[in-house]
Amino acid sequence: MFEQVKVHREVTGAGESLLLCGDGSAALEELKQYKGKVQCVYLDPPFMTGGKFTRRRRFGAKGWRTGSPAPVYPAYEDKFRSRDAYLAMLRGLVEQAHRLLKSTGVLCLHLDWRMAAYARLICDEVFGERRFVNEIIWSYESGGRAKKHFSRKHDVILLYARSAKYCFDITRVPLPRTGVRKNHMRRGVDEEGRSYRSIKSGGKTYRYYEDAPTYPGDVWTDISHLQQRDPERTGYATQKPLKLLDRLLRPLVQEGDLVCDLCCGSGTTLLAAQNLGCRFIGVDKSAEALLVARSRLKQENVTLLCPPVDQAAAVEATWEDGVLLLTDFRARHKAFPEAEQIFDRMESWAAGYMTENGMVALQHFQRSAKNPDLPLMSFLPELPGPLAVSTVDAAGRRRVYQWKE
Ligand SMILES: C[S@@+](CC[C@H](N)C(=O)[O-])C[C@H]1O[C@@H](n2cnc3c(N)ncnc32)[C@H](O)[C@@H]1O
């Protein structure tokens, strides 16, 4: 039978990427070994909106198949005692980023109109004014329209380099050719047969080749916020679009680099990094955020450091000849809908064995829109330690169990 145990660490494969539950602005013991090793740190901290943010989680097989039921749970609060308290937290994050970055590395700090000006001064102090690289304006159309002022429809992303020899390759983000601006331009074809438009200005002739790639400037208007029904949505409020993170990371990192997000939320940065062949470190104060992030990522090479919840939930199983079959799962939450199937309250689970350092997960099963049903069987022949499973329930709470004969 299974007995619930308090195990923080869960490793898959070589465990090179890290998901860490903690305060990204604090001196975290687990981050010390990464000092000076990170190529890019992205920060999307609270913006000091004063708001409470939620997370919508689909419930059971039906929820994943049809989108309903999908109850709402609290995710995180963006409330601070004072502006000074907020800025102390922000400074802690920026200093942490500075410690982690390699000399070739870059910080991307994502904020909005509320705190961007203060953040600029903090970054000037911590990185040095000369290390300023960009102030990117991410402009979007979504949300309401203001009547008493112009609608505030952009975020600000500050880029600061760790040193003058930072890596940046703009050719990695070519934009689709939408054609050269045509107004007042003359059409021409050069000696090699390439067509262009040209314009004379100040006594000089400028040529714009129609097949030449173009690259983004510092105002981005071509990436929209995630729509309500966007398949990319995890239900985590304030989730950023993958396309935005891909555009940011691509010129800054190469395959094999280490990317860190100290407020990783639903893990958008980590997914973008994984898609680019990078390793990652994701930190978040909220255990639930971290588990949402984990559910989006490939699990071959990840260490999860995350406290399990204390509330009990029973897992029952049979384990014979290496075949582990889950037979029951009982977890309670006041916001759980009525379950249609016995395992609706389970969102994901992993099976493996226990070591002195935590659990080694050999298999990981996760519901998704493509695979709404959770497999309940795992084949685990000859384990080097006691059989162990970890579960995440439909409210995003993790528990770990060890097999006792
Ligand atoms: C704006 S959200 C990040 C969203 C994320 N970029 C995404 O795409 O899902 C901010 C996150 O910061 C976390 N957070 C707030 N303060 C933190 C701190 N001091 N250390 C680590 N995480 C923190 C919150 O729990 C929240 O998940």
Go through the residues of region 103-114 one by one and say whether even a single one is more than 10 Å from the ligand (Cβ to nearest atom), within 21 Å of the chain's Cα centre (by Cα) and modelled with pLDDT under 95.
no
Tally the residues that are part of a loop (DSSP other than H, G, I, E, B) and either more than 16 Å from the ligand (Cβ to nearest atom) or acidic (D, E) (or both), restricting the search to region 229-258.
11
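Do the conditions hold for G282, that is, is it at pLDDT 95 or above, crowded, with 16+ Cβ neighbours inside 10 Å, touching a Lys or Arg at 6+ places or on another chain (Cβ under 9 Å) and not aliphatic (A, V, I, L, M)? Can you show your working first?
Values: at pLDDT 95 or above: yes; crowded, with 16+ Cβ neighbours inside 10 Å: yes; touching a Lys or Arg at 6+ places or on another chain (Cβ under 9 Å): yes; not aliphatic (A, V, I, L, M): yes.
Against the criterion (at pLDDT 95 or above, crowded, with 16+ Cβ neighbours inside 10 Å, touching a Lys or Arg at 6+ places or on another chain (Cβ under 9 Å) and not aliphatic (A, V, I, L, M)), G282 qualifies.
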Return the pair list, or none, for Cβ contacts closer than 7 Å from residues in region 354-382 that are more than 17 Å from T234 (Cα to Cα) to residues that are assigned to a loop (DSSP other than H, G, I, E, B) and among the hydroxyl-bearing types (S, T, Y), at least 6 apart or on different chains.
A361/T12; H364/T12
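Scan region 46-69 residue by residue and report those that are in a loop (DSSP other than H, G, I, E, B) and within 21 Å of the chain's Cα centre (by Cα).
From region 46-69, those in a loop (DSSP other than H, G, I, E, B) are 46-51, 57-59, 67-69; that's our starting set.
Residues satisfying the conditions are P46, F47, M48, T49, G51, R57, R58.
Do you know which residues across region 331-364 are in a strand (DSSP E or B), of a type outside the set (G, A, S) and closer than 21 Å to S295 by Cα? Before you say what the answer is, go through the steps one by one.
Step one: of region 331-364, the residues in a strand (DSSP E or B) are 346-355, 358-364.
Okay, now just the ones that are also of a type outside the set (G, A, S), so 346-347, 349, 353-355, 359-360, 362-364.
Residues satisfying the conditions are M346, E347, W349, Y353, M359, V360, L362, Q363, H364.
Name the residues in region 49-70 that are within 11 Å of the ligand (Cβ to nearest atom) and surrounded by 21 or more Cβ atoms within 10 Å (Cβ to Cβ), would you?
As a first pass, look at region 49-70 and keep what is within 11 Å of the ligand (Cβ to nearest atom): 49, 51, 53, 55.
R55 - this is the single residue of region 49-70 that is within 11 Å of the ligand (Cβ to nearest atom) and surrounded by 21 or more Cβ atoms within 10 Å (Cβ to Cβ).
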Out of (1) within 16 Å of the chain's Cα centre (by Cα); (2) away from the ligand (no atom under 16 Å from the Cβ), the odd one out for V292 is which?
(2)
Would you pick out the residues in region 174-221 that are among the acidic types (D, E), touching a strand residue (DSSP E or B) at 6+ places or on another chain (Cβ under 9 Å) and free of Cβ contacts under 8 Å to residues at least 40 places away in the same chain?
D190, E210, D211
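Go through region 10-33 and give me each residue that's surrounded by fewer than 16 Cβ atoms within 10 Å (Cβ to Cβ) and either aromatic (F, W, Y) or more than 16 Å from the ligand (Cβ to nearest atom) (or both). Before the answer, list the steps.
Going residue by residue through region 10-33, those that are surrounded by fewer than 16 Cβ atoms within 10 Å (Cβ to Cβ) are 13-14, 16, 26-27, 29-30, 32-33.
Of everything in region 10-33, those that are surrounded by fewer than 16 Cβ atoms within 10 Å (Cβ to Cβ) and either aromatic (F, W, Y) or more than 16 Å from the ligand (Cβ to nearest atom) (or both) turn out to be G13, A14, E16, K32, Q33.
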Determine which single condition D328 fails, assuming it passes every other condition in (1) surrounded by fewer than 18 Cβ atoms within 10 Å (Cβ to Cβ); (2) outside any strand (DSSP E or B).
(2)
Quick count over region 80-124, residues being among the basic types (K, R) and assigned to a helix (DSSP H, G or I), is 4
Quickly run through region 71-90 and pick out the residues that are surrounded by 16 or more Cβ atoms within 10 Å (Cβ to Cβ), more than 10 Å from the ligand (Cβ to nearest atom) and under 21 Å from the mean Cα position of the chain (by Cα).
Y73
Only residues that are closer than 28 Å to K35 by Cβ and either of a type in the set (K, R) or surrounded by 15 or more Cβ atoms within 10 Å (Cβ to Cβ) (or both): list them for region 135-155, please.
I136
Looking only at region 394-405, and only at residues there that are assigned to a loop (DSSP other than H, G, I, E, B) and touching a residue at least 40 places away in the same chain (Cβ under 8 Å), the one that is surrounded by the most Cβ atoms within 10 Å (Cβ to Cβ)
A394
What residue, of T303, T391, T318, is assigned to a strand (DSSP E or B) and surrounded by fewer than 17 Cβ atoms within 10 Å (Cβ to Cβ)?
T318
Determine whether T205 is on the phi > 0 side of the Ramachandran plot and either buried (at least 17 other Cβ atoms within 10 Å of the Cβ) or at pLDDT 90 or above (or both).
no
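Which one of these is assigned by TED's automatic domain parsing to the domain that holds G92 and either in a strand (DSSP E or B) or out of contact with any strand residue (DSSP E or B) (no Cβ under 9 Å at 6 or more places or on another chain) (or both): S266, S224? Break it down stepwise before answering.
Numbers: S266 fails: either in a strand (DSSP E or B) or out of contact with any strand residue (DSSP E or B) (no Cβ under 9 Å at 6 or more places or on another chain) (or both).
One residue alone meets the criteria, S224.
The values are calculated or read from the model by the stated rules, or taken from the named source; none is laboratory data. Here the structure is a predicted model, which means the values were calculated and not measured. Here Cβ is always computed from backbone atoms with ideal geometry, including for glycine, and neighbour counts include all displayed protein chains.
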